[in-house]
Amino acid sequence: MTKLAREKDDAESGEPRWTLTFEAVEATLLGALPLQLAALLADPDGNRRVIDRLFPPAYADPEQQREHRQVLGESLLEARRTMLSEVTTLLAGGERKKKGTLALRLGPATLDLLLRFFNDVRLVLATDLGIETNLGEERVDPSDPDAPRYALLDYLGNLEAILVDAASRE
């Protein structure tokens, strides 16, 4: 079970600090997510519906939107790729403890990084699953082949809630 503990503030900056600890199975699961999102970003035309959810239209006018994507499209993708690289580095740099648990030391910037990452993965999952309502209203049979993806969506939502709660207390 994931645990978030408040640590002493950073001595130099005075910024808050937390330790986020994942069980081994959670750490393994989270470690694979950046690669999955990176594959999607490597071929944005492969799943346009999901990409459009990650990068919603900035303009109602189709011509203006097309121009916007031409000008900013690659830089938007590159910003997400950079985020994924930072998440991968954060996960790889975490402290491995007994029985494979993973402890991440977080400050405000890394907490925000994880929030953005979890949100992106949840957007991708929800779009892929065709979810257009509140997940709490979804009833999924455990034998459904998509049940693990629904469970992941729920799990990531809980992680977001934990991190938002911690950040909002500061």
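The values are calculated or read from the model by the stated rules, or taken from the named source; none is laboratory data. In this text the structure is predicted, and so the values were computed from the model without any measurement. Every residue, glycine as well, gets a Cβ built from its backbone with ideal geometry; the counts of neighbours run over all protein chains shown.
Observations on the structure shown:
- Filtering the stretch 18-37 to residues that are among the β-branched types (Val, Ile, Thr) and either in contact with a Lys or Arg (Cβ under 9 Å, 6 or more places away or on another chain) or surrounded by 21 or more Cβ atoms within 10 Å (Cβ to Cβ) (or both) leaves Thr19, Thr21.
- Any hit, the stretch 41-48, residues being touching a strand residue (DSSP E or B) at 6+ places or on another chain (Cβ under 9 Å) and part of a helix (DSSP H, G or I): no
- Sole exception among (1) in contact with a Pro (Cβ under 8 Å, 6 or more places away or on another chain); (2) over 24 Å from Pro148 (Cα atoms); (3) not polar (S, T, N, Q) for Arg81, by number: (1)
- Enumeration of residues in the stretch 90-139 that are in a loop (DSSP other than H, G, I, E, B) and polar (S, T, N, Q): Thr101, Thr133, Asn134
- Output for the stretch 142-151, where each listed residue is closer than 15 Å to Val121 by Cα and either under 11 Å from the mean Cα position of the chain (by Cα) or of a type outside the set (A, V, I, L, M, F, W, C) (or both): Pro148, Arg149, Tyr150
- Any hit, the stretch 103-115, residues being in contact with a Gly (Cβ under 7 Å, 6 or more places away or on another chain) and within 20 Å of Thr21 (Cβ to Cβ): yes
- All told, Ala58 meets the bar of being outside any helix (DSSP H, G or I), touching a His at 6+ places or on another chain (Cβ under 6 Å) and among the hydrophobic types (A, V, I, L, M, F, W, C).
- Taking each residue of the stretch 47-73 that is more than 18 Å from Asp120 (Cα to Cα) and modelled with pLDDT under 90 and looking for partners that are of a type in the set (A, V, I, L, M) and not in a helix (DSSP H, G or I) with beta-carbon atoms closer than 7 Å, six or more apart or interchain, yields Gln65/Ala58; His68/Ala58.
- Residue identified as of a type in the set (A, V, I, L, M, F, W, C), at pLDDT 90 or above, surrounded by 14 or more Cβ atoms within 10 Å (Cβ to Cβ) and farther than 13 Å from Leu30 by Cα among Leu90, Leu125: Leu125
- Unique match (being touching a Ser or Thr at 6+ places or on another chain (Cβ under 8 Å) and either closer than 18 Å to Arg122 by Cβ or at pLDDT 95 or above (or both)) among Glu26, Glu7: Glu26
- Tally of residues being more than 20 Å from Leu37 (Cα to Cα) and either of a type in the set (S, T, N, Q) or in contact (Cβ under 8 Å) with a residue 24 or more places away in the chain (or both) across the stretch 126-168: 9
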